[in-house]
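Structure record follows, encoded as structure tokens.
Bear in mind that the values in this text are calculations on the coordinates, not laboratory data. Keep in mind that what you see is a predicted model, and the values were worked out from it rather than measured. In this analysis, Cβ positions are derived from the backbone assuming ideal geometry, glycine residues included, and neighbour counts consider all displayed protein chains.
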Amino acid sequence: MFFIHVIGSLAMGFYLLLPFVLGKIDRMTPAVQEGTLSAVQLLNRLAQFALILMLVSGVYMIVAWNSYSVAWIVVVVLLFLAISGIAGAMGKPLRLSLEAIRNQQPMTQYAGKMRMFSTLLAVFLILITFLMVYSHII
């Protein structure tokens, strides 16, 4: 299960780069914007499936190893829920941006939301990774 958990976390790694990719989305040509957002949308969907694998493997490891404090479990679950919710919420601005680009309309109204969501995802992913490595801290 640990191996599956690590593979899932590697699949989530693209969220760390996402703020840098979406930070420059306004300066790209529409064709490049469409390609970039299509790739981000696909990777976001794949990462959501990885979240399911990580949830199952994480719950198994918590129950099987029984070496985590209740406070650690609560904080990690809250961070996991935040990551899951934000990743899901980012799907709508991605979809609407792609529709706007395909209809040759500006997508600037969605760019701010995507940047905010990607930054929050990166921060929460760094926090949860820190807590996974240093589980004894709480």
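Please give the residues of the range 59-93, grouped as numeric ranges, whose backbone N is less than 11 Å from a label point set 7 Å along the Cα-to-Cβ vector of residue 127.
75-83
Within a 10 angstrom radius of the beta carbon, how do 14, 117, 3, 49 rank from fewest other beta carbons to most?
3, 49, 14, 117
Per-residue ellipticity at 222 nm for the chain, helices alone: DSSP H runs ≥ 4 residues times -39500 (n - 2.57), over residue total, nearest 500 deg cm²/dmol?
-28000 deg cm²/dmol
Would you mind pulling out the separation of the Cα centroids of the range 24-51 and the range 67-131, in Å?
One Cα centre to the other: 13 Å.
Around residue 95, with a cut-off of 14 angstrom between Cβ atoms, what is the net charge of the other residues, counting Lys and Arg +1 and Asp and Glu -1?
Result for the local shell: +2.
Please name whichever of 114, 76, 101 sits farthest to the positive end of the charge dipole of the chain, dipole taken about the Cα centre and charges placed at Cβ: Lys and Arg +1, Asp and Glu -1.
Farthest along the dipole direction, towards plus: 101.
Between 0 and 90 degrees, rounded to the nearest ten: what's the tilt of helix 30-65 against the longest Cα principal axis of the chain?
Approximately 10 degrees, to the nearest ten.
Which of 59, 76, 21 moves most in a GNM of the chain, Cα contacts under 10 Å?
59
Residue-wise, which Karplus ³J(HN,Hα) couplings in Hz belong to the range 88-99, taking 6.51 cos²θ - 1.76 cosθ + 1.60, θ = phi - 60°, and x for glycine or proline?
x, 5, 6, x, 5, x, 5, 5, 5, 5, 5, 4
Dipole of the chain, Cα-centred, from +1 at each Lys and Arg C-beta and -1 at each Asp and Glu C-beta, to the nearest 20 debye?
Magnitude of the dipole: close to 240 debye.
Most fluctuating residue of 58, 35, 112 in a GNM of the chain with Cα springs under 10 Å: which is it?
35
Over the chain, what number does the Rg to Rh ratio reach, with both radii from the alpha-carbon atoms and Rh per Kirkwood?
Rg/Rh for the chain comes to 1.05.
Based on the mean of other beta carbon atoms within 10 Å per residue, what is the order of 119-128, 38-47, most packed first?
119-128, 38-47
Contour minus end-to-end for residue 67 and residue 31, with contour as 0.36 nm per residue of separation and end-to-end as the Cα-Cα distance?
Length gained between residue 67 and residue 31: 7.9 nm.
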